[in-house]
Amino acid sequence: MKLSELIKNIMIEEKINFKDVDVEGISYNSKTIRPSELFVCLKGEVSDGHDYAKMAVENGACAIVAEKKLDDIDVPQIIVKSTRHQIADFASAFYNYPSKNLTLIGVTGTNGKTTVTHLIQRIVEDARPDNECALIGTLGYKLSAADSYHDAKHTTPQAPELQKTLDMINKKGIGYVAMEVSSHALEQNRVGGCDFDGAVFTNLTQDHLDYHITMNNYFEAKAILFKNLKKGGFAVINNDDSYAQRFKDVIPDGVKVYTYGIKNSADITACDIDFSIHGAKFNCKIGNEVFPVNLQMNGMFSVYNALAALAAGIAMGFDAKICIKALEETKSVDGRFEIVSKKPLVIVDYAHTPDGLENVLKAARELTPKDSNLICMFGCGGDRDATKRPKMGKIADEAADIVVVTSDNPRTEDPQLIISDILAGIKSVNTQKVYVEPDRRTAISMLKNIAKENDVVVLAGKGHEDYQILKDKTIHFDDREEARKVFC
């Protein structure tokens, strides 16, 4: 693509040394850039891409996108107001706006995004057997339900990778995409240029306040997805969430709204809910019709996730019975209330927020025999919102019979200081109630002597992750593998 064609619909401040060069890709990494690619100078928390522009040119960059004129650069410079927000404009233009040819469904919220996108993928493929539904999210991307995961680095990839993936999906003839959309991606405009046909809101509770600072900022970031829905699209809203009305208020005219819930009146509701080790059963009311649902997934949060995906399926015009059958045939997503042992019952879950931990412990309590213990092992991530640590300690202390506090991904922080923050929320001083072991592998091994055969053990925080981020390195670590070594 010629540079002039690439920038013709992009707001630019100035062109310097302009030549109509051929552009063969978009990059923001000066080390991995390939010849004839456009280099975008991104400002990060630690480094500034403007400092690496010269290196990018030496490595083959055909032109530079920057926020200021750079000296000693002899290739064309395109000056823009914000490289962080406009890199999506360049990426989507380079790949010719691939999402316009796709039915793109964005799912956002604090918890449940991964499960809901997987459920939507299954619903679409059951309802439209002539087509496939790709998935993009925390676990990577999949081109269909039958495909294996491909690494995507972030919940929502940076714009060049995202647009390249959407372009590849489009060229393969896949018609649908279910995508997790994080608050970071929305605030940083990583999904700029994406043409969303529908958006799903799961819930909004405390998370990422190290980045967003306030809950209002967090909401405003999430709301971007709904503000930009096109006329004729749809929005699915959790009517039981305290932010439901605020999301409804930002949805543009011409977008159809579907609500779901359990406590409040909604278009799609669940009642007569029952939990067992085999999953959740409930009756689902859609309009005047009632459908029995038998999920293989467990917990009240799974019921909400199923309702969200069902609402999206109905919004896309699919038959309710086909959608429900798809939900019933879907097993739990990796690391989401995943059972790895039955005696004791050991559950691995990604819960890493106060709300997430509370919900998974409530679900686990439903499965805990009357005279047995619910045991919770968890930690909190380093270099992240520290205010949630004592809150999670308090939740674990109140919801579980035994608590084992350990490390999650400590990153550059001292694990013991993170644990001290967690312990500040725990009132119990009973040494038989609260155990502390900074080494996560040792903590899981300790559970062998703590848990009895009929107890329920929840390993929370890391879920599907197969690594642990320490101060000076990242090591292989998988809660599921470690638990199987101990209990299986």
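The values are calculated or read from the model by the stated rules, or taken from the named source; none is laboratory data. Small disclaimer: the values here were computed from a predicted structure and weren't measured. Reconstructed Cβ throughout: ideal geometry from the backbone, glycine too, with neighbour counts over all protein chains shown.
A few comments on the model shown:
- Filter result for L204 (outside the structural domain of G25 (by TED's automatic domain parsing) and farther than 25 Å from C380 by Cβ): no
- Residues satisfying the stated conditions in the stretch 253-287, i.e. polar (S, T, N, Q) and in a strand (DSSP E or B): T259, T269, S276, N283
- Residue check: K448 meets all listed conditions (1) surrounded by fewer than 20 Cβ atoms within 10 Å (Cβ to Cβ); (2) under 28 Å from the mean Cα position of the chain (by Cα); (3) without any contact (Cβ under 8 Å) to a residue 40 or more places away in the chain but one, namely (2).
- Of all the numbered requirements in (1) charged (D, E, K, R); (2) crowded, with 20+ Cβ neighbours inside 10 Å; (3) without any contact (Cβ under 8 Å) to a residue 24 or more places away in the chain, D478 misses one, and that requirement is (2).
- Residue, surrounded by the fewest Cβ atoms within 10 Å (Cβ to Cβ), within the stretch 141-162, restricted to residues that are outside any loop (DSSP other than H, G, I, E, B) and of a type in the set (A, V, I, L, M): L162
- Of all the listed residues (N264, N283, N298), the sole one being closer than 15 Å to V333 by Cα and either in contact (Cβ under 8 Å) with a residue 60 or more places away in the chain or polar (S, T, N, Q) (or both) is N298.
- Subset of the stretch 420-434 that is farther than 20 Å from I450 by Cα and at pLDDT 95 or above - its residue that is surrounded by the most Cβ atoms within 10 Å (Cβ to Cβ): I422
- Test: C133 is at pLDDT 95 or above and either touching a His at 6+ places or on another chain (Cβ under 6 Å) or more than 30 Å from K8 (Cβ to Cβ) (or both): yes
- From R389, R384, residue being in contact with a Gly (Cβ under 8 Å, 6 or more places away or on another chain), buried (at least 19 other Cβ atoms within 10 Å of the Cβ) and in the same structural domain as S445 (by TED's automatic domain parsing): R389
- The one condition in (1) in contact with a strand residue (DSSP E or B) (Cβ under 9 Å, 6 or more places away or on another chain); (2) not in a loop (DSSP other than H, G, I, E, B); (3) not hydroxyl-bearing (S, T, Y) that D355 fails to fulfil: (1)
- Candidate set: the stretch 412-459, residues that are outside any loop (DSSP other than H, G, I, E, B) and hydroxyl-bearing (S, T, Y); chosen: the one nearest to K370 (Cα to Cα): Y435
- Those residues of the stretch 303-334 which are of a type in the set (S, T, N, Q) and either modelled with pLDDT under 95 or not in a helix (DSSP H, G or I) (or both), in sequence order: T330, S332
- Considering residues of the stretch 398-411 that are out of contact with any helix residue (DSSP H, G or I) (no Cβ under 8 Å at 6 or more places or on another chain) and touching a residue at least 60 places away in the same chain (Cβ under 8 Å) only, the residue farthest from N373 (Cα to Cα): R411
- For the stretch 8-64, residues that are among the hydroxyl-bearing types (S, T, Y) and touching a strand residue (DSSP E or B) at 6+ places or on another chain (Cβ under 7 Å) total 4.
- The condition of being among the acidic types (D, E) and surrounded by 20 or more Cβ atoms within 10 Å (Cβ to Cβ) holds for only one of E358, E437, E413, E398, that being E358.
- Given (1) without any contact (Cβ under 8 Å) to a residue 40 or more places away in the chain; (2) in a loop (DSSP other than H, G, I, E, B), index of the condition T165 fails: (2)
- Residue in the stretch 1-17 that is surrounded by fewer than 18 Cβ atoms within 10 Å (Cβ to Cβ), in the same structural domain as A63 (by TED's automatic domain parsing), more than 18 Å from L162 (Cβ to Cβ) and touching a Cys at 6+ places or on another chain (Cβ under 7 Å) present: no
- Remark: pairs (first residue in the stretch 190-202, farther than 9 Å from F226 by Cα and among the charged types (D, E, K, R); second residue buried (at least 24 other Cβ atoms within 10 Å of the Cβ) and modelled with pLDDT of 95 or more; Cβ separation under 6 Å; 6+ apart in sequence or on different chains) = D197/L104.
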